[in-house]
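Student: Encoded as structure tokens, here's the structure I'll be asking about.
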Amino acid sequence: YRKEVFGAEPDEIVILWVARIVREKGLANFITVIKELNKVAKTRTDLPRFRVVVAGDGPDLGWVRTELEVYDNVVILGHKGGTNLAKTYAAGDIFFFPSKTEVIPNNLIEAMASGLPVVTDDVGVNRAIVQDEISGIIVKGTSAIEDDVTNYITALTRLMTDRDVAKKMSKAAIDSTVGLTWERTFQSLLHAYDRCRPGLPYARHISHDNLDNPS
């Protein structure tokens, strides 16, 4: 799949984007980073060959094609779902998602469960999912509007050149997503609602099993 669909060679690092193609998900920064990364690759002999794979559909897909299809190492797949989506994640090496507007970024969790160290922004929900320097890199000092992308470049090139660190983050990413199920998520939500019932003191230390009629 990696070779046939991505056109990737064995020695290439695959940087993956999987999300709806809309500007509010950090597309301007993503496009700028890929352009700058290609410039950096011309001057850094230690940087391995890389391929950028974009999976997703949306109103700004045409813009992404216009900006990035001029590069031989960029592959734009369009929408992927089901088994093909799982294969797309599994065939990547690094997941890069510079979005500051997510509520629950399932794509980060899916990428990590597939063994990809992630590079993403320093916002609350991302910090709740990604352990900085353990399962990925939380990039600080970035702007939601296209600006200086040096910190993104530093994070990506580090994972591209230090494959030992990338492998450790890959394992940690998988381990950190074990047990992240919808059942667990909603049980936690119900527990929070139970603690807020009128007449029931708000007590974070009370376990779910000790609540009145927890079912």
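The values are calculated or read from the model by the stated rules, or taken from the named source; none is laboratory data. The model shown is predicted, which means the values in this text are computed figures rather than measured ones. All accessible areas refer to the heavy atoms of the entire protein, side chains included, with ligands and DNA or RNA removed. Shrake-Rupley method; radii C 1.70, N 1.55, O 1.52, S 1.80 Å.
Student: Take the alpha-carbon centre of segment 107-162, take the same for segment 177-193, and report the distance between them in whole Å.
Tutor: Centre-to-centre (Cα) distance: 24 Å.
Student: A further question follows. Just the Cα atoms of segment 114-165, one point each, no solvent: what log10 I(q)/I(0) does Debye give at q = 0.23, 0.30 Å⁻¹?
Tutor: -0.90, -1.25
Student: Another one. As an exercise, find the ratio Rg/Rh for segment 62-147 from alpha-carbon atoms, using the Kirkwood inverse-distance average for Rh.
Tutor: Values: Rg = 13.9 Å, Rh = 14.2 Å.
My calculation of the ratio gives 0.98.
Student: Continuing with this model, one more query. Using the alpha-carbon atoms, what tilt in degrees (0 to 90, nearest 10) does helix 163-177 show relative to the longest principal axis of the chain?
Tutor: 30 degrees
Student: Per residue, how much space in cubic angstrom lies within the convex hull of the C-alpha atoms of segment 70-119? Can you show the working numbers first?
Tutor: Numbers: hull volume 5.5 nm³, N = 50.
Each residue corresponds to 110 Å³ of Cα convex hull volume.
Student: A further question on this structure: Just read off the accessible area of Val103 with the full protein assembly in place, 1.4 Å probe, to the nearest 10 Å².
Tutor: Looks like 120 Å² after rounding.
Student: Another one. Which lysines have a Cα lying under 19 Å from the Cα of Lys80, excluding residues fewer than 8 positions away in the same chain?
Tutor: Qualifying lysines at Cα under 19 Å: Lys3, Lys25.
Student: Can you tell me the orientation of helix 182-195 relative to the chain, as the angle in degrees between its alpha-carbon axis and the longest Cα principal axis, to the nearest 10?
Tutor: The angle comes out near 40 degrees.
Student: Here's something else I'd like to know. Taking only Cα atoms and a 10 Å spring cutoff, compute GNM fluctuations for the chain and point out the largest among Trp63, Trp182, Trp17.
Tutor: Of the options given, Trp182 has the highest mean-square fluctuation.
Student: For Glu183, tell me the accessible area in Å² from a 1.4 Å probe, rounded to the nearest 10.
Tutor: For Glu183, the solvent-accessible surface is approximately 140 Å².
Student: Using alpha carbons only, what's the Rg to Rh ratio of segment 1-114 with Rh from Kirkwood?
Tutor: Numbers: Rg = 13.5 Å, Rh = 14.4 Å.
Using Cα coordinates only, the ratio equals 0.94.
Student: What is the Cα coordinate range of the chain on the first, second and third principal axes, sorted by size from largest, in whole angstrom?
Tutor: For the chain, the Cα extents along the three principal axes come out at 65, 34, 33 Å.
Student: At a 1.4 Å probe, what is the % contribution of carbon and sulfur to the accessible area of the chain? Could you put the intermediate results ahead of the total?
Tutor: Numbers: 5920 of 11380 Å².
Whole-percent figure for carbon plus sulfur exposure: 52.
Student: Moving on to the next point. What is the Cα convex hull volume of segment 1-68 when expressed per residue in Å³? Present the calculation step by step, with values, prior to reporting the outcome.
Tutor: Numbers: hull volume 6.0 nm³, N = 68.
Convex hull volume per residue, Cα atoms: 89 Å³.
Student: Measure nothing fancy, just the Cα-based angle from helix 27-41's long axis to the longest principal axis of the chain, in degrees from 0 to 90, nearest 10.
Tutor: 40 degrees
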